[in-house]
Amino acid sequence: MNSLSSEILPFLSYYDDLLRRLSLKELGPKFRVGEALSSVASFYERLRYAVDYKKEHLLRRNAIERILKRNLWEKGESDVNLLAKALLKELTWAKYIKNNFYPLAKINELSYIISKYLVLSRSFAIEFGSKREIKWKDWLIGVASCEIEESLDPQVSSVDVLSMAVESWFNKKFNWVDSGLMADEKEDELAIAIHRSLIRGDESQNAYYLLRRLYKNWNGLSLEEVEKNKEEIYKICLRIRKSLANPIQSRLYRFVQKEVSAFQILKSLIDENLENAKEIFRDPERLTEKVSEVCDERYNEISSRVNRGIIRSVIYIFVTKIVFAIAIEIPYELYFLKHLSYLPIVSSIAIPLLFVFLVTATIRKPGEENTKRIIDLIQDFVYQGGRKNRTDFSLVGKKKGLTYNIFTIVYLVLFVLIFSFISYALAKIGFDIVGIGIFFIFLSLILLFGYRVKFSASELNVIPKKESLASNFFTNLTLPFLDLGVWLSDKFASLNFFILFFDFLIEAPLKNIMGILDEWGNYLRERREEAVEIPVER
């Protein structure tokens, strides 16, 4: 019988404890909302995220952060119980969490979490300068949303336990030989890269993971302890933000992802076999069979994920194009050009869509060799006696000499030529200068969406795939637009007027109206129950 490794045993113990906690039924009255408004809330969520690209597995956490920020803006910080109750209500309406499932005590639990981060936000502002308050507050609310999600769904923390186990395995197999980083800096960067690879998480999730690693009793702190230790916590938060912003992180992530993305399959296997996971791992043949089954399931999901990505891109184009046309293009053409051109408007919808289809058409399911490689990696992780020798790796790039500078100049020339040629072609078919600018913005952002869908669909490819000549040519041709899309996405994320429009001009009044209707429904239900109450015999 193969002995289980020191990495898998703590992970299985975590699931044993999770099963025990999930089996405990919490007594007492449950938090409940009227379900008549749920369809409206869930439809709104789908519409909103059509114009705000977020990965599907991040939607709930992003919703928690967004709702909390809006309620803080509307209701202030004085009544955290009200904030917690409003958050639970909106998450239930939008079907992110179950109705009539959580005990009313959950409100107090969420109130404590919100209070903890608000205490830090105020302390950081007072102690370390009011000019930083807004940035710190937004960052801390993002981290708070991760802790809130974990409170609502304890199984979310399983990826943190897996990350630590995989980190131990990784350090036994690889030796990072770069100089220039201190040992603790390397540890932080590696922890982030592994966590990102396993959960495909965002900055807030990675920050929360590091915070729990660096401050061991973070979830058990009282508000008094938070206030008392605010300087230490501040230093840890600075360390986390520095680690997340380190330029080496992107290179390390690319290297790590190739080695550890297979463990997403391991986690899925355990999630689907909670009660008999240990028995599966003690039988290598059965483990191989189960891993193959999970791989097939995940491979078959790729086409549906790609289709959902395409649909979101289509919705994004139509919604934003209509807004741009009404707000900018049509007024500009009617006022300055005295006529309206329909071809540019139609072209700026059709051409970006064509490019999205071309990008996603190259996506293929991984094959048998990929599955075999995943099985090898998982067995090496699960069982003792694997490969003993460590492999050195370095992330220090080659010195940028004359050749690199020449390539940079060639790329810049290519960049200018491509944009100039397309601008000339667009002008010939009736595009004005405003239409050309909007076309480039749309094409760049849509291509970025398409490549993100492609990257997400290929995350389980542990064996590099060879790119065809046509695919390579298309990638090189669209690279300037992809670079522009990344720049636009990074620089103007906080200036997404569509999101501001949704959050403050639609969502805020919509949720307030829904709150009033929900209270009205509760009142009518109570009156109805009183009206049909069986009278006491006299």
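The values are calculated or read from the model by the stated rules, or taken from the named source; none is laboratory data. Fair warning: this is a prediction, and the values are worked out from it, not measured in the lab. Every residue, glycine among them, receives a Cβ derived from its backbone with ideal geometry; neighbour counts consider all protein chains shown.
For (1) without any contact (Cβ under 8 Å) to a residue 24 or more places away in the chain; (2) crowded, with 21+ Cβ neighbours inside 10 Å, each residue gets a yes or a no:
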{"residue": "Lys98", "(1), (2)": "yes, no"}
{"residue": "Glu109", "(1), (2)": "no, no"}
{"residue": "Leu120", "(1), (2)": "no, yes"}
{"residue": "Lys135", "(1), (2)": "yes, no"}
{"residue": "Ile148", "(1), (2)": "no, yes"}
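Has the stretch 136-158 got at least one residue that is more than 19 Å from the chain's Cα centre (by Cα), basic (Lys, Arg) and within 22 Å of Leu244 (Cβ to Cβ)?
For the stretch 136-158, residues more than 19 Å from the chain's Cα centre (by Cα), basic (Lys, Arg) and within 22 Å of Leu244 (Cβ to Cβ): present.
Okay, residues lined up against (1) under 30 Å from Val291 (Cβ atoms); (2) among the hydroxyl-bearing types (Ser, Thr, Tyr); (3) touching a helix residue (DSSP H, G or I) at 6+ places or on another chain (Cβ under 8 Å):
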site	(1), (2), (3)
Tyr342	no, yes, no
Val346	no, no, no
Pro352	no, no, yes
Leu358	no, no, yes
Thr362	yes, yes, yes
Pro366	yes, no, yes
Arg373	yes, no, no
Gln384	yes, no, no
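Check whether at least one residue in the stretch 386-405 is farther than 28 Å from Gln257 by Cα, out of contact with any helix residue (DSSP H, G or I) (no Cβ under 9 Å at 6 or more places or on another chain) and part of a loop (DSSP other than H, G, I, E, B), and report yes or no.
Yes, the conditions are met somewhere in the stretch 386-405.
Any residue in the stretch 45-61 that is under 27 Å from the mean Cα position of the chain (by Cα), in a helix (DSSP H, G or I) and at pLDDT 90 or above? Outline the logic, then answer.
Residues of the stretch 45-61 that are under 27 Å from the mean Cα position of the chain (by Cα), as a first pass: 45-61.
From the residues that got through so far, the ones that are in a helix (DSSP H, G or I) too are 45-50, 56-61.
From what's left, at pLDDT 90 or above: 60-61.
Yes, the stretch 45-61 has at least one match.
Is one or more of the residues making up the stretch 344-363 more than 20 Å from Thr475 (Cα to Cα), β-branched (Val, Ile, Thr) and modelled with pLDDT of 80 or more?
no
Spot the failing condition for Val416; the list is (1) at pLDDT below 85; (2) in the same structural domain as Lys338 (by TED's automatic domain parsing), and only one is missed.
(1)
Residues in the stretch 147-178 that are farther than 19 Å from Ala262 by Cα and in a helix (DSSP H, G or I): how many?
The total comes to 8.
Picking from Val294, Val256, Val226, which residue would you name as being over 30 Å from Glu369 (Cα atoms) and in a helix (DSSP H, G or I)?
The unique qualifying residue is Val226.
Any residue at all in the stretch 205-217 that is of a type outside the set (D, E, K, R) and exposed (fewer than 15 other Cβ atoms within 10 Å of the Cβ)?
yes
Among the candidates Val156, Val226, Val166, which residue alone is closer than 29 Å to Tyr383 by Cβ and either out of contact with any Leu (no Cβ under 9 Å at 6 or more places or on another chain) or surrounded by fewer than 19 Cβ atoms within 10 Å (Cβ to Cβ) (or both)?
Just a single option satisfies the conditions, and that option is Val156.
Could you go through the stretch 138-147 and let me know if any residue there is among the aromatic types (Phe, Trp, Tyr) and under 26 Å from Met514 (Cβ atoms).
There is no residue in the stretch 138-147 that is among the aromatic types (Phe, Trp, Tyr) and under 26 Å from Met514 (Cβ atoms).
Consider Gly385 carefully, then state whether it is on the phi > 0 side of the Ramachandran plot and surrounded by fewer than 11 Cβ atoms within 10 Å (Cβ to Cβ).
Yes, satisfied.
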